[in-house]
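What follows is a structure written as structure tokens; I'll ask about it next.
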Amino acid sequence: MPKTALLKLDEKEIALPIIVGSEGEKAVDIAKLRSDTGYITYDDGFGNTGSCTSNITFIDGDIGILRYRGYPIEQLAEKSSFVECAYLVIYGELPTSEQRAKFSRLLTKHAPLHEGMTRFLSSFPRESHPMAILSAAVNSLGAYYPHLATNNHLHDLEHFDEAAAIAISKVRTITAHTYRVTRGLPFNYPRPNYGYCENFLHLMFSEPYNEYIPTQEVASALNLFLLLHADHEQNCSTSTVKMVGSSGANLFASVSAGVNALWGPLHGGANMAVIEMLKSIHAEGDDGTKFIEAAKSGKGEARLMGFGHRVYKNYDPRAKIIKASFYKALASLGIKNDPLLNIAMKLEECALSDDYFVSRKLYPNVDFYSGLIMRAIGIPENIFTVMFAIGRMPGWIAQWREVAVNPKLKIYRPRQIYTGKTVRDYVPVEQRQ
Ligand code: CMC
């Protein structure tokens with residue numbers, strides 16, 4: 001006998017079905033609530049709303065668990081790679097060696113950009129924000145590959161493997177070309193014999209007479225950064241991707257909307273905001289102690305960036321992993337005394353023992369350390385959020401696919417509680433006050 005929840009509304013009892021997920025998460029299904037009662041639910045910020053069922057990522061924010069397709073993030077971080085996790089997130093299983101080789105071949109094939117696209121990238125003003133360029137460039141993939149972006153899910157799914165590889169591979173080349181063009185540097189061409197991360201670093205930092213060869217620690221730190229960002233269930237940008245995809249929009253249009261959602265400082269923009277915060281604390285000669293006091297207002301510029309999370313009410317497991325790898329990368333780069341790192345450590349120490357942060361369960365999130373890693377690798381601050389987008393691309397693709405393959409797909413269309421003026425008559429201009 002399926003379980004139901006009983007809701008008493010206007011003296012009537014309504015039975016609402018209960019759904020239980022594979023990890024025991026419970027939900028009340030309100031699909032028929034409005035048609036049966038005229039009521040809708042209200043959940044500002046969607047913090048209590050399940051927008052879909054999903055097989056991709058499981059998070060238990062109270063105890064700090066993150067799993068892709070059932071695999072704990074700690075095991076993947078130790079044993080896997082970004083490309084393998086991208087496959088896992090998208091296709092649901094770890095690849096066999098043949099599947100992995102085929103996937104890598106597709107990524108290699110699609111690493112270079114169409115010459116028209118390189119000219120498109122060159123046409124942006126030098127001072128453009130790389131996230132603005134990225135979203136335009138990713139959307140333009142639909143123009144360069146119209147046969148993969150027909151806005152007919154059935155057709156687009158037939159070509160899904162190619163479209164997915166294009167998005168994952170080209171987002172890296174677009175980012176590196178953006179970096180180079182906004183500095184007036186010549187483009188580098190991808191090398192088919194390099195791995196995903198090594199190729200990215202080559203595309204970014206090689207010079208005509210000086211090939212950039214990263215240390216193994218730096219390539220691993222980048223690999224780990226991307227792997228840890230590969231998916232994070234129904235966050236702001238992923239929900240945006242799904243919402244756009246629910247209208248039947250193609251993969252490229254949907255993920256470029258995700259890029260825009262990611263840009264904000266409360267989401268992917270936080271890694272850049274952390275460094276800006278650390279720099280401003282440093283410029284004021286503070287070691288972090290004064291800032292922590294100000295951050296207790298929780299408002300505006302004083303907010304402690306890189307702390308707190310809508311879902312994690314414990315240490316973000318990604319933050320623990322990235323912090324550990326950070327020191328290895330610093331050592332390999334010969335960075336011994338970084339004043340910003342010292343301030344970050346002081347902030348962390350103060351916040352973790354301060355009642356304001358402890359009582360609100362505000363712990364470091366992945367962005368608290370990821371900006372420091374990017375900075376150590378030499379990636380400029382305005383590219384940090386773009387790096388998050390490169391990492392998140394497999395998740396967006398996998399989540400778009402869940403929407404596109406759903407035979408019962410409905411366009412996402414939330415309701416609202418209207419709080420504006422009630423009906424009134426048009427006022428001619430001479431009578432307006
Ligand atoms: N510094 C100081 N106070 C904070 C912070 C913070 N970083 N985050 C939350 N608070 C306070 C907030 O003022 C509120 O206090 P009160 O109850 O007295 O009004 C309480 O904690 C609850 O905050 P909230 O804003 O209702 O929480 P939320 O779930 O809506 O926000 C968040 C989550 C991540 C937007 C927020 O914690 C934040 O702005 N953090 C800084 C930005 C950041 O690091 N974002 C990256 C998130 S991880 C990457 C990703 O997955 O996108």
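The values are calculated or read from the model by the stated rules, or taken from the named source; none is laboratory data. None of the values given here were measured: they were computed from a predicted structure. All Cβ positions, glycine included, derive from the backbone under ideal geometry; neighbour counts span all protein chains shown. Only protein heavy atoms, including side chains, enter the accessible area calculation; ligands, DNA and RNA are left aside. Shrake-Rupley method; radii C 1.70, N 1.55, O 1.52, S 1.80 Å.
Checking the condition more than 10 Å from the ligand (Cβ to nearest atom), open to solvent by 20 Å² or more (accessible area, probe 1.4 Å) and not assigned by TED's automatic domain parsing to the domain that holds GLY142, which residue from LEU352, LEU330 passes?
LEU352
Only one of these conditions is not met by GLY258: (1) modelled with pLDDT of 95 or more; (2) of a type outside the set (A, V, I, L, M, F, W, C); (3) on the phi > 0 side of the Ramachandran plot. Which number is it?
So the condition that GLY258 fails would be (3).
Right, another one. Is it the case, given these coordinates, that ASN260 is in a helix (DSSP H, G or I), within 16 Å of the ligand (Cβ to nearest atom) and under 24 Å from ASN223 (Cβ atoms)? Walk me through how you get there before you give the answer.
Working: in a helix (DSSP H, G or I): yes; within 16 Å of the ligand (Cβ to nearest atom): yes; under 24 Å from ASN223 (Cβ atoms): no.
No: the conditions fail for ASN260.
Looking only at region 220-246, how many residues end up being open to solvent by less than 10 Å² (accessible area, probe 1.4 Å) and in contact with a Cys (Cβ under 6 Å, 6 or more places away or on another chain)?
3
Residues checked against (1) away from the ligand (no atom under 15 Å from the Cβ); (2) in a helix (DSSP H, G or I); (3) aromatic (Phe, Trp, Tyr):
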{"position": "VAL358", "(1), (2), (3)": "no, yes, no"}
{"position": "ASP367", "(1), (2), (3)": "no, yes, no"}
{"position": "MET374", "(1), (2), (3)": "no, yes, no"}
{"position": "THR385", "(1), (2), (3)": "no, yes, no"}
{"position": "ARG392", "(1), (2), (3)": "no, yes, no"}
{"position": "ALA398", "(1), (2), (3)": "yes, yes, no"}
{"position": "ILE411", "(1), (2), (3)": "yes, no, no"}
{"position": "THR422", "(1), (2), (3)": "yes, no, no"}
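Condition (residue is assigned by TED's automatic domain parsing to the domain that holds ARG392, surrounded by fewer than 22 Cβ atoms within 10 Å (Cβ to Cβ) and more than 20 Å from ILE377 (Cβ to Cβ)) applied to region 194-203: is it met by at least one residue?
Taking every residue of region 194-203 in turn, none turns out to be assigned by TED's automatic domain parsing to the domain that holds ARG392, surrounded by fewer than 22 Cβ atoms within 10 Å (Cβ to Cβ) and more than 20 Å from ILE377 (Cβ to Cβ).
Can you tell me which residue among SER97, SER104 is out of contact with any Lys or Arg (no Cβ under 8 Å at 6 or more places or on another chain), under 20 Å from ALA398 (Cβ atoms) and hydroxyl-bearing (Ser, Thr, Tyr)?
Testing whether each residue is out of contact with any Lys or Arg (no Cβ under 8 Å at 6 or more places or on another chain), under 20 Å from ALA398 (Cβ atoms) and hydroxyl-bearing (Ser, Thr, Tyr) leaves just SER104.
For region 107-198, please list each of the helices (runs of 4 or more DSSP H) lying entirely inside it that holds at least 3 residues being of a type in the set (A, V, I, L, M) and modelled with pLDDT of 95 or more.
Because the criterion is at least 3 residues that are of a type in the set (A, V, I, L, M) and modelled with pLDDT of 95 or more, the helices (runs of 4 or more DSSP H) in region 107-198 that meet it are 130-144, 160-181.
Let me ask something additional. Looking at (1) β-branched (Val, Ile, Thr); (2) open to solvent by 10 Å² or more (accessible area, probe 1.4 Å); (3) touching a residue at least 24 places away in the same chain (Cβ under 8 Å); (4) out of contact with any Pro (no Cβ under 8 Å at 6 or more places or on another chain), find the lone condition where THR108 falls short.
It fails just one condition, (4).
Write out, first by first residue and then by second, each pair whose Cβ atoms fall under 7 Å of each other, whose residues are 6+ apart or on separate chains, and whose first residue, in region 60-76, is closer than 17 Å to TYR315 by Cα and part of a loop (DSSP other than H, G, I, E, B) while the second is among the aliphatic types (A, V, I, L, M) and modelled with pLDDT under 95.
GLY61/VAL311
Name the single residue, out of those in region 247-293 being surrounded by 17 or more Cβ atoms within 10 Å (Cβ to Cβ) and of a type in the set (Val, Ile, Thr), that is farthest from THR150 (Cα to Cα).
Looking at residues that are surrounded by 17 or more Cβ atoms within 10 Å (Cβ to Cβ) and of a type in the set (Val, Ile, Thr), I get ILE292.
Within 16 Å of the ligand (Cβ to nearest atom) and within 20 Å of MET374 (Cβ to Cβ): does that describe HIS202?
Judged against the criteria, HIS202 is not a match.
Please count how many residues of region 294-323 are more than 11 Å from the ligand (Cβ to nearest atom) and either open to solvent by less than 10 Å² (accessible area, probe 1.4 Å) or in contact with a Cys (Cβ under 9 Å, 6 or more places away or on another chain) (or both).
The number of residues fulfilling the criteria is 2.
Residue check, ILE377 against (1) modelled with pLDDT of 95 or more; (2) of a type outside the set (Ser, Thr, Tyr); (3) crowded, with 16+ Cβ neighbours inside 10 Å, all met but one. Which one?
Status for ILE377: all satisfied but (1).
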